[in-house]
Amino acid sequence: MAEIAVVGLGNPLAGDEGIGGRLAEELERRYDCSGVEVYDLGTSLFNVVHVLENKAKAVIIDCALMGEKPGTIIKFTRDEARSKKVLRHMSLHEGDVFEIVNVAGRVGSGPPEIVFFGIEPERIELGRGLSASLECRFDEYLKEIASETGLVKKVAGDA
Amino acid sequence: MPNIDVSVHHVTRVEGHGTIRVRASDGKIERVEWRVPEAPRFFEAMVRGRSYEDIQTIVSRICGICSVTHSLAAIKAVEDAIGVTVSKQTDALRIVLHYAEQIESHVLHVGYLVAPDLLGQKSVVPLVASHPDVVKTVIALHKLGNAGMELIGGRMTHPVTVKPGGFAKLPTEAQLKAYKKDLENGMKLVGILADVVVSLADKLPDFNRDTEYVALKTDGTYTFYHGDIASTDVKETTDVHKFESVANEYVSAQSTAKWCKWHRDSYAVGALARYNINADLLLPEAKAVAAKFGLQKGACNPYLNSVAQVVEIAQVIAHSIRLIDGVLTDGVTPETPKAAPREGEGVGSVEAPRGILFHRYAFDGKGMCTSANICIPTGQNHGNIQKDFESLVPKIIDKPQDEIRLLMEMLVRAYDPCISCSTHYLDVEFV
């Protein structure tokens, strides 16, 4: 079993909200991911607990409202940010990944090292596809995540 | 006498949006309503013009929790329409796949959505601190269901291996043996979960209303997959091809979802309905769990649906083990799905975790879908939730308003309704 998990989160039907899943998908397509397990978990937040089990490190990619310019990517750890999200506990799809990571830690499934990549959205609304602010920086996001996990691009013809 | 004004816009911890409205003036009840304001999804229109080979993939997207169930109902309907019968092996593995989803969905409902009510919390997250062993058990069982779906369906949700005529990819014998071992461990966890729920069962409201229950029924098996339509109101069963005459869908002014009724004003589907129709056919492992709760056939307290779900987790794990043993005894036989287009119409019915589900499709000679009709369990339950409300509210109208609200929310949650989906982005500030 791979020691590193890369987890993309987000709803691909809600514009920039789906950035995490898009990045996970493209990372697998363009990079040699042997030794790393890449997951597009969509909005299945509770499954984060399962995929973090027995991992040494997790990289979690998600759309994040950080008060930054749309398209900004910021790497942070759990200790460096605090959630402002107010949960209404409406459904299983609504959640706070920080809370889920805490659950994983408390039940002994949390890796010792967890890194988040937050990407500031331009628009979260019903519809497929990313806004221009995120689309034009997409390759840059991939490079940052690949660098964090030591992945290299597939050689031409492999993709 | 109190004035009551309960207005819950979007009941929490259910899938989708439902609204509760209660108004009473000087103790006199003026309005009691269960409303569903969801927009239509148009799946029945979406599949028209699509190939018979693609239907199960498209309709699995109706739901992220019961995607296997929708795939299987669709594939059964497609095979019925084009005249395909599948092998004993395919049938057994489809049922094991279906059971994996029952495990996952029931654990999700009982562990993540209902347990917080019984333990006085808003969600499962605070339970990690107060009841870590319960949460660990729930997570392990949830993972077991996901593993079964991934093994046989090719993915945790939205299976990709289910094809008309069989499977695109089969699990190996070694994988099935490993999954069987996981199921055996899972059976021990069900015992732990059952003990926890038993210890909290007195927190389930004591509310009974004589109800018509509807579920699939077949000889010899507590069925989720085969059989005809049975009702607790009548002895004879109805062929699934006549499901429209059972559901009798109609439009209600207070809901965007259609409502259903059969022999009475409403009927209920789901775990309690299956239990009330098929309890005699439970395997010994599941009967033992039912005995812990003292759950009797004929129970008509809707809050006990969650208890019936715990019994069913034991049932599907025990039956999965037996089915896998059967496949392993015969040996996993490589098969290529064989299906060809043909003009025709077919119906597929399976039990979704939250109740009986019907799919009907028609195809032209090239195998293109010309019409579709999907009748979901949550839709069949809406009318019954309303009738439960009308019976429950007069009994609790003297309670404090917050307690009335909670009891009504718990009632809706007991039905495990599954209505839609949404978003979940992070919202952070740096420290």
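The values are calculated or read from the model by the stated rules, or taken from the named source; none is laboratory data. Just so it is clear, the model here is predicted, and its values are computed rather than measured. Cβ placement follows ideal geometry from the backbone for every residue including glycine, while neighbour counts extend to all protein chains displayed. When the accessible area is computed, the model is the full protein with side chains, heavy atoms only, and any ligands, DNA or RNA have been set aside. Shrake-Rupley method; radii C 1.70, N 1.55, O 1.52, S 1.80 Å.
Tabulated values for the structure
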read-out: Helices (runs of 4 or more DSSP H) (entirely within region B:24-96) containing at least 2 residues that are over 30 Å from B:ALA253 (Cα atoms); value: B:55-59, B:67-82
read-out: Matching option when the condition is more than 14 Å from chain A (Cβ to nearest Cβ) and not hydrophobic (A, V, I, L, M, F, W, C), among B:LYS177, B:LYS136, B:LYS143; value: B:LYS177
read-out: Test: residue in region A:150-157 that is closer than 21 Å to A:GLY18 by Cα and in contact (Cβ under 8 Å) with a residue 40 or more places away in the chain; value: no
read-out: Members of region A:47-61 found to be charged (D, E, K, R) and part of a strand (DSSP E or B), listed by number; value: A:LYS57
read-out: Close pairs (8 angstrom Cβ cut-off, 6 or more residues apart or separate chains): without any contact (Cβ under 8 Å) to a residue 12 or more places away in the chain and more than 8 Å from chain A (Cβ to nearest Cβ) in region B:113-130, among the small types (Gly, Ala, Ser) and open to solvent by 10 Å² or more (accessible area, probe 1.4 Å) anywhere; value: B:GLN121/B:SER130
read-out: Criterion: surrounded by 17 or more Cβ atoms within 10 Å (Cβ to Cβ) and touching a residue at least 12 places away in the same chain (Cβ under 8 Å) - qualifying residue of B:GLY379, B:GLY331; value: B:GLY379
read-out: Residue list for region A:23-49, restricted to those being open to solvent by 20 Å² or more (accessible area, probe 1.4 Å), facing another protein chain (nearest Cβ under 10 Å) and over 13 Å from the mean Cα position of the chain (by Cα); value: A:PHE46
read-out: Selected residue (only one of B:ALA286, B:ALA257, B:ALA271, B:ALA290 is crowded, with 21+ Cβ neighbours inside 10 Å and without any contact (Cβ under 8 Å) to a residue 24 or more places away in the chain); value: B:ALA290
read-out: Any hit, region B:155-170, residues being assigned to a helix (DSSP H, G or I), open to solvent by 60 Å² or more (accessible area, probe 1.4 Å) and over 23 Å from A:SER109 (Cβ atoms); value: no
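Listed here are the residues, each with its yes/no results for (1) without any contact (Cβ under 8 Å) to a residue 12 or more places away in the chain; (2) among the polar types (S, T, N, Q); (3) open to solvent by less than 10 Å² (accessible area, probe 1.4 Å); (4) touching an Asp or Glu at 6+ places or on another chain (Cβ under 7 Å).
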site	(1), (2), (3), (4)
B:VAL135	no, no, yes, no
B:GLY153	no, no, yes, no
B:GLU173	no, no, no, no
B:LYS181	yes, no, no, no
